[in-house]
Amino acid sequence: MNSSDTRLQLRRLGLAAVGALVVVGVAAAPASAHAEVSASDPRALAENVTVSFTSEAESDTAGIAELRVVLPKGITPDAVTLKTAPKEWKLTATADGYAIGGAALATGTDAEYSIVVRQLPDEKTLAFKTLETYGDGKVSRWIEVPTNGEKVDNPAPVLALEAAAPGAKPIAPSPSPSPTPSAATPVQPSAAVPSAPVASAGAQAATEEDAGGGTGVVVGVVAVVLLLAGGGAFWWMRRDRSQV
């Protein structure tokens with residue numbers, strides 16, 4: 001074998017070794033599981049927007065059982081309703097967001113669900129920090145928010161928003177209706193409360209007037225009786241004198 005053939009074989013062996021190292025490196029690299037978010041209308045101040053989430057399964061031993069989400073600034077827990085979710089999963093509001101879960105999914109199954117947000121805030125990006133809890137108690141934390149384009153190990157799902165539509169305005173932060181004339185009507189009874197004492201005073205005055213009238217009648221009757229009695233006594237005395 002000449003020297004040129006030897007060099008060729010060595011070169012082939014070197015390339016094969018490099019390829020083997022690359023394959024081993026890829027196999028040894030951790031799975032790039034993550035959580036994603038998308039929206040039916042990704043514009044600031046958009047109303048009744050369906051926001052969909054996908055949390056990729058990264059455990060080989062258990063399925064996802066619960067997702068805990070911290071809502072971004074501008075979205076309150078009472079502005080969120082559940083639209084779709086895995087079978088028998090339910091959404092529960094928390095102090096800073098919501099938790100959604102139920103029976104653990106099959107191992108290796110991604111958790112997909114969607115919510116309806118009453119109105120998106122006037123922001124450029126929305127980060128939905130997420131905690132994934134598996135049936136065996138393992139927790140994956142997708143809570144890091146990248147800044148200045150830097151990469152992070154556990155990125156939170158981030159939704160990029162476009163500019164608001166012309167004329168879009170923020171709606172009330174809660175579904176409670178704004179004050180209306182009909183809502184103000186309960187104030188009327190309190191305004192009419194003084195009339196009750198006035199009516200009582202009138203009734204009292206009428207009672208006193210009736211009592212006064214009754215007293216006058218009694219006094220008159222007594223006077224007539226006394227007058228008759230006096231006249232009778234005077235007549236009796238004159239009769240006795242005439243007989244004497």
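In terms of packing, defined here as the mean over residues of other Cβ atoms within 10 angstrom, the peptides 82-94, 52-64 line up highest first as 52-64, 82-94.
Ordering Pro170, Leu126, Gly102 by Cα displacement along the dipole of the range 61-174 toward the positive end leaves Pro170 in first place; charges were set at the Cβ atoms of Lys, Arg (+1) and Asp, Glu (-1).
Would you work out the charge dipole size for the range 23-164 about its Cα centre, treating the Cβ of every Lys and Arg as +1 and the Cβ of every Asp and Glu as -1, and quote it to the nearest 20 debye? Show your work: numbers first, answer last.
Numbers: 12 positive and 20 negative charges, 49 e Å.
That gives a dipole near 240 debye.
How much length would be gained if the chain were fully extended between Ala103 and Ala163, taking 0.36 nm per residue of separation minus their Cα-Cα distance, in nm to one decimal? Let's see the in-between values first.
On the way: separation 60, 0.36 × 60 = 21.60 nm, distance 3.91 nm.
Stretched out fully, the Ala103 to Ala163 stretch lengthens by 17.7 nm.
Taking amide H positions as modeled 1.01 Å from N, with prolines and chain starts lacking one, the residues under 5 Å from Asp41 and 5 or more places away or on another chain are Thr50. For the range 49-101, the fraction of 1.4 Å probe accessible surface lying on carbon and sulfur atoms is 49 percent. With a cut-off of 12 Å between beta carbons, the residues surrounding Arg43 carry a summed charge of -4, where Lys and Arg count +1 and Asp and Glu -1.
Can you work out D for the range 24-124 in µm² s⁻¹ from Stokes-Einstein, where Rh is the Kirkwood radius over C-alpha pairs, the temperature is 25 °C and the viscosity is 0.890 mPa s? Numbers along the way, then the final one.
Values: Rh = 14.8 Å.
D, rounded to a whole number, is 166 µm²/s.
For the range 123-135, 3J(HN,Hα) computed residue by residue from phi via the Karplus equation (6.51, -1.76, 1.60; θ = phi - 60°) reads 10, 8, 9, 10, 9, 10, 5, 10, 10, 9, 10, 9, x Hz, glycine and proline entered as x.
Annotation: amide H of Ala46 within the under-5 Å range of Leu120, sequence separation 5 or more or interchain, hydrogens built in the peptide plane.
Ranked by the mean number of other Cβ atoms within 10 Å per residue, highest first, peptides 161-168, 106-113 order as 106-113, 161-168.
The values are calculated or read from the model by the stated rules, or taken from the named source; none is laboratory data. Note that the structure is a prediction, hence the values are computed from the model and not measured. Note that each Cβ is placed from the backbone with ideal geometry, even for glycine, and that neighbours are counted across all protein chains shown. Just the protein is used for accessible areas: all its heavy atoms, side chains included, with ligands, DNA and RNA removed. Shrake-Rupley method; radii C 1.70, N 1.55, O 1.52, S 1.80 Å.
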